[in-house]
Amino acid sequence: MKKLEQLVARGRALARSARSGAPGPAAAIRPVRLVLRLNDIGLAPGLVRATGEPMGLAQWQDAIVRFEQWLGPMRLTIAGGEPARSEHLDLLVRFGNRLEFPVHLVTAGPVDRERAECLIDRGLAAVTVLVGGVDEGTHAATVGSPLSEATGAVEAFRSARASRSRDLGIYVGVPLSEANASSVSAIGGWARQAGADGVLATVPLGVDAPVGAEAAVEALGRDNLTPEHLKTWLGGRRTRAKGGLRCELLSDGTLVVSSHVAPIGNVRKSDPKALWEAANEQITATRDHPRPWDEVELVPEALYSTR
């Protein structure tokens, strides 16, 4: 019965993905994933950010339930800001997993082994750890936090995965910057030695791509999972963003389609379905934007709940 339920959920997700890429009004399409931004730590200027009182755990859970009632289980990404510093992270991973949402965490740490084991036990399906350099100065200039927090998180998740004998995808995301563009290959080599399942390049939203970014992506070498859309954008070519439309929920309940585009409302005051179906202008602007979200959300390509 459990496997049948998961197959039905995956079939619904594929159908939503097909509809998300089709033209038409908002009411005729559906988002394919939900992104939670638990805080705005390190967010680049110019992007939409939370301005109101942060939601409590029960309010986060209520919002997720309303998405599930509207769309069924869907991919849940916890990214933006620094989710590992949120008191709500662990319980939101468990809550999402119980609703059959496959959960993907994007973080630069800190996460120790005990917390990594807790997150795995609560159903985390994949984690992408952001590493900006193999030396303290380069990493700090790129990511804005200590290198030990990122490398410690990779080791913690690797050890926890082995001790729990559970499926967990472990990836290293490399935010490209002027500081590390010439040394990206070293980060890729370190990631493989550290036991990561793959490595990918990213450019944080609101930040210009550094000179030499295309070559830097290629320098990551084997197990390079950088999405094709980012490679296209780095090469100065424009194409519609892959991966389908999505909703991003900010810490104060603000709902956006893209951090570059005006909010579509607040889930504390309105139902997500009603907000989405009235958001024709924002969805059009998102589709027209050359890079409406960080492609780190799209790796791994396939992600399933394994509860």
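The values are calculated or read from the model by the stated rules, or taken from the named source; none is laboratory data. Computed from a predicted model, the values in this text were never measured in an experiment. So basically every Cβ, Gly included, is an ideal-geometry build from the backbone, and we count neighbours across all protein chains shown.
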Within the range 161-206, can you find the residues that are more than 16 Å from Leu234 (Cα to Cα), of a type in the set (A, V, I, L, M, F, W, C) and within 21 Å of the chain's Cα centre (by Cα)? Leu168, Ile170, Val172, Ile187, Ala191, Ala196, Val199
Every residue from the range 221-268 that is over 20 Å from the mean Cα position of the chain (by Cα) and under 24 Å from Thr128 (Cβ atoms): Gly221, Arg222, Gly235, Thr239
Residues being in contact with a strand residue (DSSP E or B) (Cβ under 8 Å, 6 or more places away or on another chain) and at pLDDT 95 or above: count how many of those fall in the range 36-81. 17
For the range 145-156, which positions are outside any helix (DSSP H, G or I) and over 13 Å from Thr107 (Cβ atoms)? Pro146
Residue count, the range 64-88, condition on the phi < 0 side of the Ramachandran plot and either assigned to a loop (DSSP other than H, G, I, E, B) or of a type in the set (A, V, I, L, M) (or both), comes to 13
Picking from Ala116, Ala162, the residue that is farther than 23 Å from Asp40 by Cβ, crowded, with 24+ Cβ neighbours inside 10 Å and modelled with pLDDT of 95 or more would be Ala116
Collect the residues in the range 242-286 that are part of a loop (DSSP other than H, G, I, E, B), in contact (Cβ under 8 Å) with a residue 24 or more places away in the chain and of a type in the set (A, V, I, L, M, F, W, C), keeping them in residue-number order. Leu245, Leu250, Val257, Val261, Ala262, Val267, Ala278, Ala279
Enumeration of residues in the range 254-282 that are crowded, with 22+ Cβ neighbours inside 10 Å and β-branched (Val, Ile, Thr): Val256, Val257, Ile264, Val267
Residues (touching a residue at least 40 places away in the same chain (Cβ under 8 Å), outside any loop (DSSP other than H, G, I, E, B) and buried (at least 17 other Cβ atoms within 10 Å of the Cβ)) located in the range 165-196: Gly169, Ile170, Tyr171, Val172, Gly173, Val174, Pro175, Ile187, Trp190, Ala191
Any idea which of (1) in contact (Cβ under 8 Å) with a residue 60 or more places away in the chain; (2) out of contact with any Ser or Thr (no Cβ under 8 Å at 6 or more places or on another chain) is the one Ser86 doesn't satisfy? (1)
